[in-house]
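Note sheet for the following structure.
The values are calculated or read from the model by the stated rules, or taken from the named source; none is laboratory data. None of these values were measured; they are calculated from a predicted model. A quick note on method: Cβ atoms are made from the backbone with ideal geometry, for glycine too, and the neighbour counts reach across all protein chains shown. What goes into the accessible areas is simple: the full protein's heavy atoms, side chains included, and nothing from ligands, DNA or RNA. Shrake-Rupley method; radii C 1.70, N 1.55, O 1.52, S 1.80 Å.
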Amino acid sequence: MPKGTKKAPPIKAVTRSSLRFLTIPLELREHIYTDLLNSSPSALFDLLLTNRQIANEAKPFLYRQPMIFDGQGEFVSWLRNIDRGCLRHVVDVHFKLHDIDPAKIVGALGKRLRQASPDHDDNPYQEACEVEVERLGKYFQHLPNVRSFTILPYENGDPRPSYGMLVSFAEMLEDQFPNLRSLTNYEELLPFTFLENYGKLQHLRFTGVSTSTRAEVYRTFRKLPELTALEIWRPDANIEDDRYEKMSEVIGAGRCNVGEILGALPQLRAFSYREFALSARPSAAFNPVRKSIFELLGVLEKHPSLRSLQILTNIDLLSRVQEKLETVISSLRSLRQVDSYYDDMPAFEDLPRTTETVTMRLDPMSELTPTLLMDLLSGAKESRARLPRLAEIALHIDSFPDSERAQRTASWVRDKLREMGIRLRLKTWNGPSRF
């Protein structure tokens, strides 16, 4: 080294690592960010500190993840402390509306609210709720790019808002998110008419219960021309529960007519219907559910362009409804994905030629036996010529088999299916037993 030349400082290992990391394509780097976020958030934040470019590109990625807020207080606090330049990256919000807390209402309104008698006509409770929702709407306006919005379910102990506050909340949402494409609503008391202004909505999941009238629900769905994916997830088909009757008496809430909804959506491409009973009752108690499923299946026959169908219920459908389900699945000539209980699934030979993925769910009371696995292989082999697109069979089971014979059979069947170009996936699930 020439005299007088300074020795270059050594490059820090973290810098070399950062430079090597930046040579990976952005799409792969985002996969790494996702894995770190799910497995080791602290490691992700350490990575952000190593390089400014990594920090700049990872920040939008982080804000595109679901933002979950348990109440408007949590949301407002987050909003006040966040870098406003990052709000444009927020696209997925999960939100739970809380009832107002009179102790936190300031000014003259708060004083009147705390002094008023709960049953007095002059009680300003509803006025305070409307003010709270109006304030919330102004904060929501700072999130112009939200494309997915989830209204979270309530749990025991949550400060659940009144029906009047939920109505105000629905009215506030009417024109809040112009770019909304997906909505999930677990709140059964929320009026449904606010969706009329979301003509670009493409995906909707709700419980199938609404306080809107039958005519209002039908009119609302008629105004959703881009809605192609509908999921109705009913948490409990408890027909004898008087919850809906009480709601109906007070505010007109009730179970929507799913058949009419489907009739308003001729453009539908994916439909999911899940209804689970959480306790055993006499078979006749489930007849209204069976009738509803039978009617909606009749309407589905008029959707020849349906590509994905999921019908999951732990209620014994009985032969008439089960035969209807098998007939409908066989008649849908564009169907690519089908998902149902194992006992409700038609034979491979009756599936549409377009079928690509078959998902079958075993009742938790049933075992994955070698006989079942061999029947699965036999059906796939015999129907392979007429199901050229079939690429995956997913079998959801309560638990993996303990017997060595069943394990060996599962491995052998998986290998044989792989030779046919079909992937076998065994997954556990915690679905309820059938009644």
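If you average the alpha carbon positions of segment 341-405 and of segment 100-153, how far apart do those two centres end up, in angstrom?
52
Tell me, what is the per residue accessible area of the chain in Å², probe radius 1.4 Å?
Numbers: 22570 Å² over 435 residues.
Ligands and nucleic acids excluded, the figure is 52 Å² per residue.
Got the relative contact order for the chain handy, in percent, Cα pairs under 8 Å and 6 or more residues apart?
Numbers: 702 pairs, mean separation 34.1, N = 435.
Relative contact order of the chain: 8 percent.
Would you kindly state the longest site-free stretch of the chain, with sites defined as GluC sites (Glu not before Pro) in a DSSP loop (not H, G, I, E, B) surrounded by at most 12 other Cβ atoms within 10 Å? Mind showing how you got there, number by number?
Numbers: sites that count: Glu155, Glu226, Glu240.
For GluC sites (Glu not before Pro) (loop position, at most 12 other Cβ atoms within 10 Å), the longest site-free span of the chain is 241-435.
Could you tell me which of Leu183, Pro144, Gly164 has its Cα farthest along the dipole of the chain towards the positive end, charges placed at Cβ (Lys, Arg +1; Asp, Glu -1), taken about the Cα centre?
It is Pro144.
Of the options Gly73, Phe192, Asn287, report the single residue whose Cα projects farthest towards the positive end of the charge dipole of the chain (beta-carbon charges: Lys, Arg +1; Asp, Glu -1).
The Cα lying farthest towards the positive end belongs to Gly73.
Along segment 187-204, what does the Karplus equation 6.51 cos²θ - 1.76 cosθ + 1.60 (θ = phi - 60°) give for ³J(HN,Hα), rounded to whole Hz, x for Gly and Pro?
8, 6, 8, 7, x, 8, 5, 5, 6, 4, 8, 9, x, 9, 4, 10, 9, 9
Highest GNM mean-square fluctuation, the chain, Cα pairs closer than 10 Å: which of Pro282, Pro304, Pro352?
Among Pro282, Pro304, Pro352, the largest GNM mean-square fluctuation belongs to Pro282.
When Lys and Arg each count +1 and Asp and Glu each count -1, what net charge do the other residues less than 15 Å away from His94, Cβ to Cβ, add up to? Spell out each step's value before the answer.
Numbers: positive: Arg64, Lys96, Arg147, Arg205; negative: Asp70, Glu74, Asp92, Glu155, Asp158, Glu187.
Computed value for this residue: -2.
Note the full-extension length gain between Tyr218 and Leu109 as 0.36 nm times their separation in residues minus their Cα-Cα distance, in nm to one decimal. If you can, show how the numbers build up before the last one.
Values: separation 109, 0.36 × 109 = 39.24 nm, distance 3.92 nm.
Length gained, Tyr218 through Leu109: 35.3 nm.
Which of the aspartates and glutamates could a cross-linker span from Lys104 if the Cα-Cα distance has to be under 18 Å and same-chain partners fewer than 8 positions apart are dropped?
Counting by Cα, and skipping residues close in sequence, Lys104 has these aspartates and glutamates nearby: Asp70, Glu74, Glu127, Glu130, Glu132, Glu134, Asp158.
What's the extension gain from Phe400 to Ser162 if we count 0.36 nm per residue and subtract their Cα-Cα distance? Write down the numbers at each step before the final one.
On the way: separation 238, 0.36 × 238 = 85.68 nm, distance 4.53 nm.
Computed gain between Phe400 and Ser162 is 81.2 nm.
Apply 1/(1 + (r/R0)^6) to the Cβ-Cβ distance of Thr50 and Ile82, taking R0 = 35 Å, and write down the FRET efficiency to the nearest 0.05.
Numbers: r = 23 Å, r/R0 = 0.66.
Working from the Cβ atoms, E equals 0.95.
Under a point-charge model restricted to the Cβ atoms of Lys and Arg (+1) and Asp and Glu (-1), what is the dipole moment magnitude of the chain relative to its Cα centre, in debye to the nearest 20?
Numbers: 59 positive and 58 negative charges, 550 e Å.
Rounded to the nearest 20 debye, it is 2640 debye.
I want the antiparallel fraction of DSSP beta bridges within the chain, as a percent rounded to 5.
Numbers: 2 of 54 bridges.
Taking every DSSP beta bridge with both residues in the chain, the antiparallel ones total about 5 percent.
Between Tyr139 and Lys416, how high is the FRET efficiency from 1/(1 + (r/R0)^6) when r is the Cβ-Cβ distance and R₀ = 51 Å? Nearest 0.05. List each step's numbers first, then the result.
Values: r = 58 Å, r/R0 = 1.13.
Efficiency for this residue pair is about 0.30.
Between Asp363 and Tyr186, what is the label-to-label distance in nm when each label sits 7 Å out along the Cα-to-Cβ direction?
Going from the Asp363 label point to the Tyr186 one covers 2.8 nm.
Which entries in Lys223/Lys427; Lys223/Lys291; Lys96/Lys200 show an alpha-carbon gap greater than 30 Å?
Working: Lys223/Lys427 39 Å; Lys223/Lys291 27 Å; Lys96/Lys200 23 Å.
Those over the limit are Lys223/Lys427.
By how many nm would the segment from Ser319 to Glu349 lengthen if fully extended, with 0.36 nm per residue of separation less the alpha-carbon distance? Can you show the working numbers first?
On the way: separation 30, 0.36 × 30 = 10.80 nm, distance 1.92 nm.
Contour length minus the Cα-Cα distance gives 8.9 nm.
List the trypsin sites (Lys or Arg not before Pro) within segment 58-131 that DSSP assigns to loop and that have no more than 15 neighbouring Cβ atoms inside 10 Å. It would help to have the intermediate numbers written out before the result.
Working: sites: Arg64, Arg80, Arg84, Arg88, Lys96, Lys104, Lys111, Arg112, Arg114; in loops: Arg64.
Qualifying residues, ordered by number: Arg64.
Given a Förster distance of 56 angstrom, what is the FRET efficiency for Glu382 paired with Leu37, based on the Cβ-Cβ distance and rounded to 0.05? Intermediate values should be presented prior to the final figure.
Numbers: r = 45 Å, r/R0 = 0.81.
So the FRET efficiency works out to roughly 0.80.
Counting helices only, and only those DSSP H runs with n ≥ 4, report the 222 nm mean residue ellipticity of the chain as the sum of -39,500 (n - 2.57) divided by its residues, in deg cm²/dmol to the nearest 500. Before the final figure, lay out each step's value.
Working: 15 runs with 171 residues, N = 435.
About -12000 deg cm²/dmol.
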